[in-house]
Amino acid sequence: MIPFSPPRMDKKITDAVVEALYSGWITTGPRTKQFEKNLTAFGGQKVTFCVNSGSSGLELMLRWFGVGAGDEVIVPAYTYCATANVVVHCGAKVVFVDVGENFNVSVDAIRKAITPRTKVIMPVDIAGFPCDYDAINTLVQQGDIRELFCPVSREQKMLGRILVLSDAAHSIGAWYKGKRTGSLADLTVYSFHAVKNLTTAEGGAVCLNLPPPFDNEAVYKELNIKSLHGQTKDALAKTQVGNWRYDIVEPGYKYNMTDIQAAMGMAELERYDSDMLVRRKAIFDRYAAAFASYPWAQIPLYETAEKKSSYHVFLLRIKGISEDQRDTIIQGIFRREVAVNVHFVPLPMMTYYRDSGYAMRDYPVAYDNYSREITLPVYYDLSDLMVDEVIRAVAGAVEEEILLIN
């Protein structure tokens, strides 16, 4: 069986972890701080703050911005549940909007969803392909949109408009108009989960790119406190001679990254552009070239003159089929010893959100994308021979189903 997405594990990573284990620092320490600096240099954002998951990074920034009961956060209907769940955790209302054919959120749909209660827009770079950030950033700056904004918290008053909080869980290393994800929105959150391009087993990072009058370094210091139970000093700071005393200034959270995770992350980041992304792009290109010869295959957009994906997952769509037929094709692929997946079941179809009053009929493009989509394996150790086996399995299963239909 060709697996779907095993993490890359080799001697470079294990050596980095072992070195961290023997260093005396396994929780947040010097490696985490260095990883943050490396991520800042890589992405071009102003400051980076590492956390224990992408989800905690999103929630931390919503809470930092003062999002709570009575507020609304605009989220694409086509995303993983974390994007919406964190809004619910804050007591705010999720406002789902439809997406475009390229899977990313529709800017027109965002505009129509904005109300005086809107505090945050959360675009999601599905599969690693960046959203239209210029259009989103321009939208929140427009006079009529700014006039609708009703700030409550100190941070909301300082910004004076809707916050753009990018969910870049899939897109570290992607490009948009000459800039990396990380520097495209007010705030951007990466995920380093086990199946991501760059993994720290679990983990994430918040990229701070806030405009004046914000001091991004000062916000970074606030986040250190918020992410460690409101404690004014972390373990590293308390190692200084006589520096044991600390205070608790708020009831914070436990969101910090460990040095073990950071050791993995630094090893991966060091070779990310020159090795990881090169291999992932080669897999995407091989899939695209092969499926171009099949009239039933709709190949995902992953490169344009302005955008370049991080090649996270390959979202193949099959033309002219139903959701049930797609599911039958997936079973056929598994029978051929290849694991595939679906990214994602739109959130209005999930029990919690459906029972909360959301209806899938309101998001027709999201449903159409989902109903015909099959996610193919993409990972560093997937050889060309394995890619070819995936292609044969998919083509065989699709054409077997098409024969049955006809």
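The values are calculated or read from the model by the stated rules, or taken from the named source; none is laboratory data. None of the values given here were measured: they were computed from a predicted structure. Cβ placement follows ideal geometry from the backbone for every residue including glycine, while neighbour counts extend to all protein chains displayed. We work out accessible area using only protein heavy atoms, side chains counted, and drop any ligands, DNA or RNA first. Shrake-Rupley method; radii C 1.70, N 1.55, O 1.52, S 1.80 Å.
If the cut-off is a Cα-Cα distance under 18 Å, which lysines reach Lys157, setting aside same-chain residues fewer than 8 apart in sequence?
Partners within reach: Lys119.
Kindly write out, for region 28-34 in residue order, the coupling ³J(HN,Hα) from the Karplus curve 6.51 cos²θ - 1.76 cosθ + 1.60 (θ = phi - 60°), rounded to whole Hz, with x marking Gly and Pro.
Once θ is set to phi - 60°, the couplings for region 28-34 become 4, x, x, 5, 4, 5, 5 Hz.
So what's the convex hull volume per residue for the Cα atoms of region 285-406, in Å³?
So the per-residue hull volume is 139 Å³.
Would you kindly derive the ³J(HN,Hα) couplings of region 357-370 from the backbone phi angles with the Karplus curve 6.51 cos²θ - 1.76 cosθ + 1.60 (θ = phi - 60°), listing them in order in whole Hz, with x for Gly and Pro?
Going residue by residue, I get x, 7, 10, 5, 4, 7, 10, x, 5, 4, 5, 4, 4, 4 Hz, with x marking Gly and Pro.
Ignoring any ligand, DNA or RNA, what whole percent of the accessible area of the chain comes from carbon and sulfur when the probe is 1.4 angstrom?
Details: 9070 of 16540 Å².
Carbon and sulfur together cover 55 percent of it.
Which value, to two decimals, describes the C-alpha radius of gyration of region 7-102 once divided by 2.2 N^0.38 Å?
1.43
Using the heavy atoms of the protein chains alone and a 1.4 angstrom probe, what is the accessible area of region 146-257 per residue in square angstrom?
On the way: 4790 Å² over 112 residues.
I get 43 Å² per residue for region 146-257.
Rounded to whole Hz and in sequence order, give me ³J(HN,Hα) for region 323-332 from the Karplus expression 6.51 cos²θ - 1.76 cosθ + 1.60, θ = phi - 60°, writing x for Gly and Pro.
So the J values, rounded to whole Hz, are 4, 5, 5, 4, 5, 5, 4, 4, 4, x.
Once ligands and nucleic acids are excluded and a 1.4 Å probe is used, how much of Tyr352 is accessible, expressed in Å² to the nearest 10?
Approximately 130 Å² of Tyr352 is accessible to the 1.4 Å probe.
For the chain, what is the calculated [θ] at 222 nm in deg cm²/dmol (nearest 500), taking -39500 (n - 2.57) for each run of four or more DSSP H residues and dividing by its residue count? Mind dumping the intermediate values first?
Numbers: 15 runs with 161 residues, N = 406.
After summing the helix terms and dividing by residue count, I get -12000 deg cm²/dmol.
So which of Lys33/Lys221; Lys46/Lys221; Lys196/Lys254; Lys179/Lys319 end up more than 24 Å apart, counting from Cα to Cα?
Lys179/Lys319
Show the residues, 5+ positions off or on another chain, whose built amide H is closer than 5 Å to the amide H of Thr118.
Counting only residues 5 or more places away or on other chains, the set is Glu72.
In square angstrom, what is the accessible area per residue of region 297-406 with a 1.4 angstrom probe?
46 Å²
List the aspartates and glutamates whose Cα lies under 19 Å from the Cα of Lys12, skipping any in the same chain that are fewer than 8 positions away.
Glu202, Asp259, Glu268, Glu270, Asp273, Asp275, Asp381
When the dipole is taken about the Cα centre of the chain, and only Lys, Arg (+1) and Asp, Glu (-1) are charged at their Cβ, what size is it in debye, to the nearest 20?
With only Lys, Arg, Asp and Glu charged at Cβ, the dipole is about 880 debye.
Within region 160-223, list the trypsin sites (Lys or Arg not before Pro) lying in a DSSP loop whose Cβ has at most 15 other Cβ atoms in a 10 Å radius. Mind showing how you got there, number by number?
On the way: sites: Arg161, Lys177, Lys179, Arg180, Lys196, Lys221; in loops: Arg161, Lys177, Lys196.
Qualifying residues, ordered by number: Lys177.
Dipole magnitude of region 1-132 about its Cα centre, charges +1 at Lys/Arg Cβ and -1 at Asp/Glu Cβ only, in debye to the nearest 20?
On the way: 13 positive and 12 negative charges, 77 e Å.
Using Cβ point charges on Lys, Arg, Asp and Glu, region 1-132 gives about 360 debye.
What span do the alpha-carbon atoms of the chain cover on each of the three principal axes, reported in whole Å from largest to smallest?
Result for the chain: principal-axis Cα extents of 76, 54, 39 Å.
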